[in-house]
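Enquirer: Below you will find the structure I want to go over with you.
The values are calculated or read from the model by the stated rules, or taken from the named source; none is laboratory data. Just so you know, these numbers come straight off a predicted model, no measurement behind them. Here the Cβ is made from the backbone with ideal geometry for all residues, glycine too, and neighbour counts use every protein chain on show. The protein model used for the area step is the full one, side chains on, heavy atoms only, and it has no ligands, DNA or RNA in it. Shrake-Rupley method; radii C 1.70, N 1.55, O 1.52, S 1.80 Å.
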Amino acid sequence: MKKFIFSAFALMTTLFTLTSCDDQRIANTLEGTWSGNMYISSRYDGRVYDATYSEVTFLKDPYAYSSGKGYWVDYYSDAPWDYIANHIDWTVDFGTIKVYFVEEDTYVTIRDYHLDNVYFYGTINDSGRPVDFQLERVSGRNWSSYRWGYDSWYVGTRSAESADTTKIEKPVRFVREK
């Protein structure tokens, strides 16, 4: 019986170690800036606005094997704002990439993906809605130039003379279906 318990423990330890190594490898490859279409949309004032593209930067925590912080910026061309920027916390757990949007206090998960040094594509899941995405690795940005949250539109409208600071309504982000 002791031999069986020891064997089961050794097998579980080996499986956990292999998964940990895979998560670390994924995190190392994920680190960097990616740009492309995440099929993100935002709902505001009864209308839906589609992001034209997104940029996501994953910065690996040097003291953790499969997690870190970063930035996620969705750019819009026909919305009352130019972009929506969020700080993110991310982790790789048993191959699933979990992303937490700090400013919005929301999560998305990324599963069934392909990741190499050039391309990152797969399925993003936002509140049970799976949607495919496709990103390419790009060079870094100067992230200190962004006002985190909702750019100059932050007070409710982009027009200074019509800005109503008593009612601040933020757009609601969601993953749109193709």
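Enquirer: Whole-Hz ³J(HN,Hα) for each residue in segment 51-60, computed from phi via Karplus 6.51 cos²θ - 1.76 cosθ + 1.60 with θ = phi - 60°, x for glycine and proline: what do you get?
Expert: 5, 7, 6, 10, 10, 10, 10, 9, 9, 6
Enquirer: For Tyr83, list long-range residues whose amide hydrogen, built 1.01 Å from N in the peptide plane, is under 5 Å from its own amide hydrogen.
Expert: Long-range HN contacts for Tyr83: Tyr76, Asp151.
Enquirer: Compute the Rg to Rh ratio over segment 40-145 from the alpha carbon atoms, using the Kirkwood formula for Rh, and round to two decimal places. Can you show the working numbers first?
Expert: Details: Rg = 14.1 Å, Rh = 14.8 Å.
A ratio of 0.95.
Enquirer: Determine the share of segment 62-117's accessible area contributed by carbon and sulfur atoms, expressed in whole percent, with a 1.4 angstrom probe.
Expert: Accessible surface attributable to carbon and sulfur in segment 62-117 totals 51 percent.
Enquirer: Using the C-alpha atoms of segment 76-130, what convex hull volume per residue, in cubic angstrom, is computed? Write out the running numbers ahead of the final one.
Expert: Working: hull volume 7.1 nm³, N = 55.
Taking only Cα atoms, segment 76-130 has a hull volume of 130 Å³ per residue.
Enquirer: If packing is taken as the average count of other Cβ atoms within 10 Å, what order do 89-101, 49-61 fall into, highest mean first?
Expert: 49-61, 89-101
Enquirer: Give the share of C-alpha pairs in each 5 angstrom bin for segment 25-94, from 0 to the last occupied bin, in whole percents, shortest bins first.
Expert: Once binned at 5 Å, the Cα pair distances of segment 25-94 give 4, 17, 23, 18, 14, 11, 7, 4, 1.
Enquirer: Could I ask something else about it? Working from the alpha-carbon coordinates of segment 53-106, get Rg over Rh, Rh being the Kirkwood radius. Could you put the intermediate results ahead of the total?
Expert: Details: Rg = 12.7 Å, Rh = 12.0 Å.
Ratio of gyration radius to Kirkwood radius for segment 53-106: 1.06.
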